Amino acid sequence: MKAIVYTKYGPPEVLELKEVEKPTIKDNEVLIKVHAASLNAYDWHLLRADPFLVRLMGGGLLKPKNKILGADVAGRVEAVGRNAKQFQPGDEVFGDISGCGGGGFAEYVSVPENALGLKPASTTFEEAAAVPMAAVTALQGLRDKGKIQPGQKVLINGASGGVGTFAVQIAKSFGAEVTGVCSTRNLDMARSIGADQVIDYTQEDFTKSGQRYDLILAANGYHSISDYKRALSPKGIYVCTGGSMAQIFQSMLLGPWISMTGSKKMGNSMTRPNQKDLVFMKELLEAGKVVPVIDRRYPLSEVPEAFRYLEEGHAHGKVVITLEHNNK
Ligand SMILES: NC(=O)c1ccc[n+]([C@@H]2O[C@H](COP(=O)([O-])OP(=O)(O)OC[C@H]3O[C@@H](n4cnc5c(N)ncnc54)[C@H](OP(=O)(O)O)[C@@H]3O)[C@@H](O)[C@H]2O)c1
């Protein structure tokens, strides 16, 4: 089968399109014919071993442990292991397979069945592949850490990116009044996916406007944690899921202390992929409450180009890889 392989850490140039062995399946696994995959910042952290911590956290100290990147996939089940009971050959599935070594940038991948959910019938493979990591990050940040409630004023910083476009729509589905922060060229898109108000970060600093929010999800960008604190209502919650390293570390290190010493809660949310949340997203997709925003599509051979684009940091929505056998 064809796959995008890397044997050393580095820029997108280290990625090569190669012919490799089709994977076999273990008893609890299913073999998926991949129809689409999507890129996440997670993938380029593993590509470049940036930050260095990636090497110590199982990525591989000197060289990558897993040679094929790709966490988000959608495809058709081709074969089922002896103990895998949830899926049948022919089923259309999607999932975040980062917890089982990735491998989505390939024609086939074998994964434990509990990393997958049935693809919503109403979505294409490309749309389904756009969902798992980014949407579950937004969902867990808003619902689990953020304790989102109907009628709350919720602000999404970085509303136009992979995580942010899902966060706006998920927050709306919970009945919140949503403000999306993005740059000028993405204001219309943020409105079109449901943001009630939009703030252009090139024109206005929302942390200085005097407006207060019950919940702030920081999907991207940078503000100091004290700026975010000022923009929270007295019992407001701030959840950081991404953005600059300084933003992430402040939320991890200072957030728990601020939360212990006052009425505002501040902290970080690390995504935990799981089947229940995939099913939750499937229902939102089927109900039409969430529609994935796809910025660009690339064929498998152009994964390096897709990485270059994502790394520029200005994707609006998701960057998707379409597998060539999809078109045959
Ligand atoms: N916590 C977790 O487990 C987890 C899981 C997934 C992702 N993440 C992290 O989440 C972050 C975002 O991921 P993503 O997939 O959404 O990234 P992305 O799609 O690459 O984000 C790009 C978007 O961010 C916007 N942006 C850039 N600078 C901004 C700023 N200063 N203020 C507001 N928006 C800004 C860009 O808009 P403009 O072009 O208009 O500037 C663009 O639309 C990454 O840091 C990633 O590592 C964390």
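The numbers here are math on the coordinates, done by the rules we state, and not lab data. A quick note: this is a predicted structure, and the numbers were derived from the prediction, not measured. Heads up, the Cβs are rebuilt from the backbone with ideal geometry, glycines too, and the neighbour counts pull from every protein chain shown.
Rounded to the nearest 20 debye, what is the charge dipole size of the range 194-309 about its Cα centre when +1 sits on each Lys and Arg Cβ and -1 on each Asp and Glu Cβ?
The dipole of the range 194-309 has a size of about 460 debye.
Name the shape class, rounded, prolate or oblate, that the alpha-carbon gyration tensor gives for the range 141-281, where a ≥ b ≥ c are the square roots of its eigenvalues, rounded holds for a/c under 1.5, and otherwise prolate holds if a/b is larger than b/c and oblate otherwise.
rounded
Could you work out how far apart the two model spin labels at ASP227 and SER122 are, taking each label as a point 7 Å from the Cα in the direction of the beta carbon, and quote it in nm?
For the pair ASP227/SER122, the computed spacing is 3.7 nm.
Could you give the size of the charge dipole of the chain about its Cα centre, using +1 on the Cβ of each K and R and -1 on the Cβ of each D and E, expressed in debye and rounded to the nearest 20?
In total the dipole reaches around 900 debye.
Using θ = phi - 60° and the Karplus relation 6.51 cos²θ - 1.76 cosθ + 1.60, list the HN-Hα couplings for the range 45-60 in order, rounded to whole Hz, with x at every Gly or Pro.
4, 6, 5, 9, 6, 10, x, 3, 3, 3, 5, 7, 9, x, x, x
Order by neighbour count: LEU253, LEU116, LEU310, fewest other Cβ atoms within 10 Å first, most last.
Neighbour counts put them in this order, fewest first: LEU253, LEU310, LEU116.
Take every Cα pair under 8 Å in the range 83-228 that's 6+ residues apart, average their separations, divide by the length, and report that relative contact order as a whole percent.
Rounded, it is 19 percent for the range 83-228.
Could you tell me which residue out of LEU278, GLY255, THR322 lies farthest along the dipole of the range 252-328 toward its positive end? Charges go on the beta carbon: Lys and Arg +1, Asp and Glu -1, centred on the Cα centre.
Towards the positive end, the residue furthest out is GLY255.
Put +1 on the Cβ of each Lys and Arg and -1 on the Cβ of each Asp and Glu in the range 142-208; which of ALA176, PHE206, MET189 then has its Cα farthest toward the positive end of the dipole?
It is ALA176, whose Cα lies furthest towards the positive end.
I need the shape label for the range 241-328. Rule: rounded when a/c is under 1.5, else prolate if a/b > b/c, else oblate, with a, b, c from the alpha carbon gyration tensor.
In terms of gyration-tensor shape, oblate.
Any idea which of PRO89, GLY58, PRO12 is furthest toward the positive side of the dipole for the range 1-141, if Lys and Arg beta-carbons carry +1 and Asp and Glu beta-carbons -1?
Going by the Cα projections, it comes out as GLY58.
Over what distance in Å are the Cα centres of the range 49-102 and the range 18-40 separated?
8
What is the distance, in nm, between label points placed 7 Å from the Cα along the Cα-to-Cβ direction at ARG48 and at THR7?
It is 2.4 nm.
Can you tell me the relative contact order of the range 269-328? Whole percent, Cα pairs under 8 Å, sequence separation 6 or more.
35
In the range 88-190, which trypsin sites (Lys or Arg not before Pro) fall in coil by DSSP and have 16 or fewer other Cβ atoms within 10 Å?
Loop-located and lightly packed - LYS147.
Using a Gaussian network model of the chain whose springs link C-alpha atoms within less than 10 Å, name the residue from ALA121, ALA130, ALA167 with the highest mean-square fluctuation.
Top of the fluctuation ranking is ALA121.
Name the shape class, rounded, prolate or oblate, that the alpha-carbon gyration tensor gives for the range 82-124, where a ≥ b ≥ c are the square roots of its eigenvalues, rounded holds for a/c under 1.5, and otherwise prolate holds if a/b is larger than b/c and oblate otherwise.
Oblate is the answer for the range 82-124, as a/c is 1.5 or above yet b/c matches or exceeds a/b.
Considering Cα pairs under 8 angstrom that are at least six residues apart, work out the relative contact order of the chain and quote it in whole percent.
For the chain, the relative contact order is 19 percent.
If each residue of separation counts as 0.36 nm, what is the full-extension length gain between ARG185 and SER244 once their alpha-carbon separation is subtracted?
Working it through step by step, the gained length comes to 19.1 nm.
Residues of the range 273-299 with amide nitrogen under 17 Å from the 7 Å Cα-to-Cβ point of LYS65?
The answer is 273, whose backbone nitrogens lie closer than 17 Å to the label point.
Hey, can you grab everything whose amide H is under 5 Å from the amide H of ILE216? Only 5+ residues off in sequence or another chain; H modelled, so Pro and N-termini drop out.
LEU155, ILE237, TYR238, VAL239
If you keep only loop residues by DSSP, which GluC sites (Glu not before Pro) in the range 1-73 have at most 16 other Cβ atoms within 10 Å of their Cβ?
Qualifying residues, ordered by number: GLU21.
Grab the DSSP H runs of the chain that are 4 residues or longer, score each as -39,500 (n - 2.57), total them, divide by all residues and round the 222 nm result to the nearest 500 deg cm²/dmol.
-7000 deg cm²/dmol
What are the ³J(HN,Hα) values, in whole Hz, obtained from phi via the Karplus relation 6.51 cos²θ - 1.76 cosθ + 1.60 with θ = phi - 60°, for each residue of the range 152-157 in sequence order, with x given for Gly and Pro?
For the range 152-157, the Karplus-derived couplings read 5, 8, 10, 10, 10, 8 Hz, x marking Gly and Pro.
For a quick check: sort TYR108, TYR238, TYR201 by the number of other beta carbons within 10 angstrom, fewest at the front.
TYR201, TYR108, TYR238
Using modelled amide H (1.01 Å from N, peptide plane; none on Pro or chain starts), what sits under 5 Å from the amide H of GLY104, excluding residues fewer than 5 places away?
The answer is GLY70, ALA71.
Report the FRET efficiency, 1/(1 + (r/R0)^6), for SER263 and ASN28, where r is their Cβ-Cβ distance and R0 is 45 Å, rounded to 0.05.
0.45
Counting other beta carbons within 10 Å of each residue's own, what order do CYS100, CYS240 fall into, fewest first?
Final ranking by Cβ density, sparse to dense: CYS100, CYS240.
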